[in-house]
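Enquirer: This is the structure I have questions about; it appears just below.
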């Protein structure tokens, strides 16, 4: 019988979690002290953790939001010049086109589902019919 190693595995997982947390907190402190823009992406890169993990930590997520507001808008997200921004009319046309395409795809999906249902029905009927047909060798001959 094998030895139960689960306490060691649990302890190692806790140590990794604590080390990850410490790296994230240290990265936040360094970035705040240096006046660097604080974003989830920047903190994740600096700390060597995933963005999804940062989002799953309520206290770190709140701290990032506070520091983001404190440092103001980041220079890494430049504003689009007014002449390059999409007009309301063009955005509306794009939305209408996307809605029309969505309706078209929904109709296509309905049609394909209907075709599949009919094909499966035919397949089931064929299976029932073939299993109900008597075999020639099963009947006695005279």
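Enquirer: Please give the residues of segment 98-114, grouped as numeric ranges, whose backbone N is less than 12 Å from a label point set 7 Å along the Cα-to-Cβ vector of residue 86.
Expert: 98-99
Enquirer: Any chance you could check the Cα centroid distance between segment 6-27 and segment 89-127 for me, in angstrom?
Expert: Using only Cα atoms to place each centre, the spacing works out to 48 Å.
Enquirer: Which residues in segment 48-66 have a backbone N closer than 17 Å to a point placed 7 Å from the Cα of residue 20 along the Cα-to-Cβ line?
Expert: It comes to 48-62, nothing else.
Enquirer: For segment 9-71, restrict the atom set to alpha-carbon positions and state the Rg and Dmax in Å.
Expert: 11.8, 41
Enquirer: With each pseudo-label sitting 7 Å past Cα toward Cβ, what's the residue 118-residue 93 distance in nm, one decimal?
Expert: 3.9
A short reminder: the numbers here are calculations on the coordinates, not readings from a lab. Just so it is clear, the structure is predicted and the values come from calculations on it, not from any experiment. Cβ coordinates were reconstructed from backbone atoms using ideal geometry, including for glycine residues, and neighbour counts include every protein chain displayed.
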